[in-house]
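Take a look at the structure set out below.
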Amino acid sequence: MIKIDNLTYRYQADGPTALDEISLSFNKGDWVSVIGHNGSGKSTLVKILMGILEGYTGNITVDGEALTQDNIQDFRERFAIVFQNPDNQFVGATVEDDVAFGLENQGLPREVMIERTEKALSAVNMLAYRRHAPARLSGGQKQRVAIAGALAMEPDVLILDEATSMLDPEGRNDILAILDEIHKTRTTTLIYITHDLSEIEKSDYAVIMKDGRVINEGSIEHIFSDTDILIESRLVLPYQMQISRAFLDGRYVTHDELVARL
Ligand SMILES: Nc1ncnc2c1ncn2[C@@H]1O[C@H](COP(=O)(O)OP(=O)(O)OP(=O)(O)O)[C@@H](O)[C@H]1O
Ligand SMILES: [Mg+2]
């Protein structure tokens, strides 16, 4: 669905490359995780996909059509993104206004807006806060509302850029469970950015980034078949992989499989 060819980006013309000849393909309906340490280029990549950053070299196609300055706006309507900092993404005076804002822009009928807003707020467990001011919520609650806003848009591509980093473990698991439900429908392509390898178990495909380059990509089994490269990339192995590496054969195991083997 999305094809990226030789994408290179510099923030300053004579500055270092934030992205260095990245080539990637994302299949429709897949859940793709993009993993890398701080400054590896993850946010830059999605900002280019969202049309926020211009002046890159290389090609991006969506459904076979090349992304250009002329058509980027049409594509943007099909993409929704949640950023890592929830404070910069509110426009509504109340939680429900905020979630409905994107829908209003699409000119949807009022009943559809109400239905989608309620559904999205329930999904993130924030319906009880619908009349609250976003500014008065905790960081994790704000992030849930931002995620609800993206879910309500029912986008073709949903991008979460470290959107769960503010959440406690339970809140993070809630969001991962919501993504798992969306993923089952195979209608929304999920791009999940994280530096936490323990969050990628459910994804179809993972991309490991380091210093603006893709250093490994493939299925989860493939990614964990070479744990050295992950450690060299300053990533922390998930608990079950640390156990597998230290005490078993080092091969990929899910949490449940590890429990069974032990
Ligand atoms: N506005 C900017 N101006 C100049 N350089 C920038 C800017 N934003 C990011 N960079 C640089 O581009 C590189 C990639 O940054 P990017 O934000 O894409 O990394 P990231 O993988 O999202 O990191 P993090 O995990 O910290 O969010 C870094 O070297 C960073 O210093
Ligand atoms: Mg980032």
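The values are calculated or read from the model by the stated rules, or taken from the named source; none is laboratory data. Computed from a predicted model, the values in this text were never measured in an experiment. All Cβ positions, even for glycine, are placed from backbone atoms using ideal geometry, and neighbour counts span all protein chains on display. What goes into the accessible areas is simple: the full protein's heavy atoms, side chains included, and nothing from ligands, DNA or RNA. Shrake-Rupley method; radii C 1.70, N 1.55, O 1.52, S 1.80 Å.
Details
- Hey, Phe75 in contact with a helix residue (DSSP H, G or I) (Cβ under 6 Å, 6 or more places away or on another chain) and either within 14 Å of ligand 2 (Cβ to nearest atom) or open to solvent by less than 60 Å² (accessible area, probe 1.4 Å) (or both) or not: no
- Condition check for Thr188: at pLDDT below 95, within 16 Å of ligand 2 (Cβ to nearest atom) and within 17 Å of the chain's Cα centre (by Cα): no
- Matching residues in segment 181-197 - criterion: being touching a His at 6+ places or on another chain (Cβ under 9 Å) and open to solvent by 30 Å² or more (accessible area, probe 1.4 Å): His195
- Whichever residue in segment 235-259 is charged (D, E, K, R) and more than 16 Å from Ile223 (Cα to Cα) and, among such residues, is most open to solvent (accessible area, probe 1.4 Å): Asp256
- Filtered residues of segment 1-13 (kept if open to solvent by 40 Å² or more (accessible area, probe 1.4 Å) and away from ligand 1 (no atom under 12 Å from the Cβ)): Lys3, Asp5, Asn6
- In segment 166-176, the condition of being in contact with a strand residue (DSSP E or B) (Cβ under 6 Å, 6 or more places away or on another chain) and open to solvent by less than 60 Å² (accessible area, probe 1.4 Å) is met by no residue.
- Looking only at segment 121-135, and only at residues there that are surrounded by fewer than 15 Cβ atoms within 10 Å (Cβ to Cβ) and assigned to a helix (DSSP H, G or I), the one that is nearest to the chain's Cα centre (by Cα): Ser122
- Residue ranges of strands (runs of 3 or more DSSP E) in segment 1-94 with at least 3 members more than 22 Å from Ser203 (Cα to Cα) and of a type outside the set (A, V, I, L, M): 2-10, 17-26, 57-62
- Options Lys47, Lys28, Lys42: the member that is in contact with an Asp or Glu (Cβ under 9 Å, 6 or more places away or on another chain) and more than 16 Å from ligand 1 (Cβ to nearest atom): Lys28
Every residue, every condition in (1) of a type in the set (A, V, I, L, M, F, W, C); (2) open to solvent by less than 20 Å² (accessible area, probe 1.4 Å); (3) within 16 Å of ligand 2 (Cβ to nearest atom), yes or no:
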| site | (1), (2), (3) |
| --- | --- |
| Gly55 | no, no, no |
| Asp63 | no, no, no |
| Val82 | yes, yes, yes |
| Phe90 | yes, no, no |
| Ala93 | yes, no, no |
| Glu96 | no, no, no |
| Gly107 | no, no, no |
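- Any chance Thr164 is assigned to a loop (DSSP other than H, G, I, E, B), within 16 Å of ligand 1 (Cβ to nearest atom) and polar (S, T, N, Q): yes
- Matching residues, segment 53-102, being hydrophobic (A, V, I, L, M, F, W, C) and modelled with pLDDT of 90 or more: Leu53, Ile60, Val62, Ala66, Phe79, Ala80, Ile81, Val82, Val95, Val99, Ala100
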